[in-house]
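Written out below as structure tokens is the structure these notes cover.
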Amino acid sequence: MDTTLAALLFRASEVPERALSRGFAVALAGWDVPAPRLGIAALPGAPGWSAAFYTSGTGKGEDELEHVVELFEDELSPAVAVLDAAVEMGAPAQDATVLTLVRSEDVLHDEAWRFTAQGFERRFVREGDTGIEAGVETPSGCEVTEVAIALPEGAGEVEERAAVERATRPHRGSTFLSAALGIPLLPALMGALFALERTLDVRLVEPDPASIVAEVGRLCRVLARVEGRGAVPAPPSISGVTQPAQHAAFVGAYDWADPADPRDVFRELSIGAIEGTLRFLRADEIAALEGVPAWAAAARAGLYPMARLLASALGGKGEGATLALAPDGERLALVRGGGRIDAAGPTFGELLRYLSLGWSRRSDAEEDLIGALMLRARLRCEKG
């Protein structure tokens, strides 16, 4: 049985759920995890507090423990990225407290962090190279000591477990968080774990049409453009492929007629396989692909055209490529000459956020976000 538990504790009044999803996605950007999820539930006995239980979908037992320990100990940990995301979303997170716990019983590991705007504190008990060790870490340094276990002569397995529990309890991360919250934490976490209220997918950018409109609005503000200017509805279908709702939302929100930038091209892009100069297709350019034999392979794959990667982006060779949306309105593909289809890397929403960040003066948190967008895109391209 897998006994690894990884949880982030937060107040909903300080950290919106969208910040949880974004923060974990930023922290996980370089990890090849197939199905990261957060299970959300109120924390019994701690009014206002909730727990987000993380699972990676990568494996069980020691593999999962190794993953979550490294993830939660990273300099850009989920807790740090969640707080950054909450601030960016306008939440009152400057004064927030976020707690994390990584715990396993099969391999003794009980590690907790407390993050605030003033700094952090970490307490842990773990199996070291020479025995059980306990540690305390703050911004001023880390102190690790060996935990002495007093065993009576001839003690059996039950007595040994009890002695280990007595010796380690004062140093455990779960003990530290119990004191911080004023409740017995482990029973509360078990109660929350078996009463999950909802599950969150871990995403850098949400894929729904409303989120696409919000990302377009952000891009228009960055470029000092007017939302919806010159918008002409795109064809509802091309070569039998229905226009995704996300693309229809994009067309209605984008500025298609900026007099200060009539060519409307985005140069020097580098995210996944999208490298060089990109231009979003107008309605008549999309309509021109109807029934074109060269578009047949893309149509069979259910792809809808939305942008052009210009030939100059490919070193002046070839015919460039068409950027197309998958039927889910989220995934992007590059349709190259001869009908070859490659993974583009970013999702539609991620590409829009990358564009707005690329033309912005970025904060440290936004630098982390654009780095995460590029890492995820590259990883998807490597996996094909």
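The values are calculated or read from the model by the stated rules, or taken from the named source; none is laboratory data. Being a predicted model, the structure only gives us computed values, none of them experimental. Neighbour counts run over all protein chains shown; Cβ positions are idealised from the backbone, glycine included.
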Completion exercise
Residues in the range 216-237 that are exposed (fewer than 15 other Cβ atoms within 10 Å of the Cβ) and β-branched (V, I, T) total 2
Practice task
Kindly establish whether G302 is on the phi > 0 side of the Ramachandran plot and at pLDDT 95 or above.
Solution key: yes
Problem - Enumeration of residues in the range 73-125 that are among the polar types (S, T, N, Q) and either more than 25 Å from E143 (Cβ to Cβ) or at pLDDT 90 or above (or both) - result: S77, Q94, T97, T100, S104
Problem - Subset of the range 145-155 (residues that are at pLDDT below 75 and closer than 11 Å to I132 by Cβ) - result: none
Practice task
At least 1 residues that are more than 18 Å from A112 (Cβ to Cβ) and of a type in the set (V, I, T) in each: list the helices (runs of 4 or more DSSP H) lying fully within the range 1-101 that qualify.
Solution key: 17-27, 78-88
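With respect to E88, determine if the residue is of a type in the set (D, E) and under 19 Å from W31 (Cβ atoms). Before the answer, list the steps.
Working: of a type in the set (D, E): yes; under 19 Å from W31 (Cβ atoms): no.
Answer is no for this residue.
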Exercise for the section: Have a look at T116, T97, T58 and point out the one that is under 23 Å from the mean Cα position of the chain (by Cα) and either at positive phi or in contact (Cβ under 8 Å) with a residue 60 or more places away in the chain (or both). Expected result: T97
Practice task
Looking only at the range 66-80, decide whether some residue is assigned by TED's automatic domain parsing to the domain that holds L186, at positive phi and not aromatic (F, W, Y).
Solution key: no
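Let me confirm something: among R336, R308, R340, which residue is modelled with pLDDT under 95 and in contact with a strand residue (DSSP E or B) (Cβ under 7 Å, 6 or more places away or on another chain)?
After applying the criteria, what remains is R336.
Determine whether the range 355-365 contains at least one residue that is buried (at least 24 other Cβ atoms within 10 Å of the Cβ) and not polar (S, T, N, Q).
no
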Handout entry: Those residues of the range 164-179 which are touching a strand residue (DSSP E or B) at 6+ places or on another chain (Cβ under 8 Å) and either surrounded by fewer than 17 Cβ atoms within 10 Å (Cβ to Cβ) or not assigned by TED's automatic domain parsing to the domain that holds T145 (or both), in sequence order
Key = V164
Practice task
Can you confirm whether the range 103-116 contains a residue that is within 19 Å of L193 (Cβ to Cβ), in a loop (DSSP other than H, G, I, E, B) and not polar (S, T, N, Q)?
Solution key: yes
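For (1) within 26 Å of the chain's Cα centre (by Cα); (2) farther than 21 Å from A299 by Cα, each residue gets a yes or a no:
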site: R225; (1), (2): no, yes
site: G272; (1), (2): yes, yes
site: E275; (1), (2): yes, yes
site: R282; (1), (2): no, no
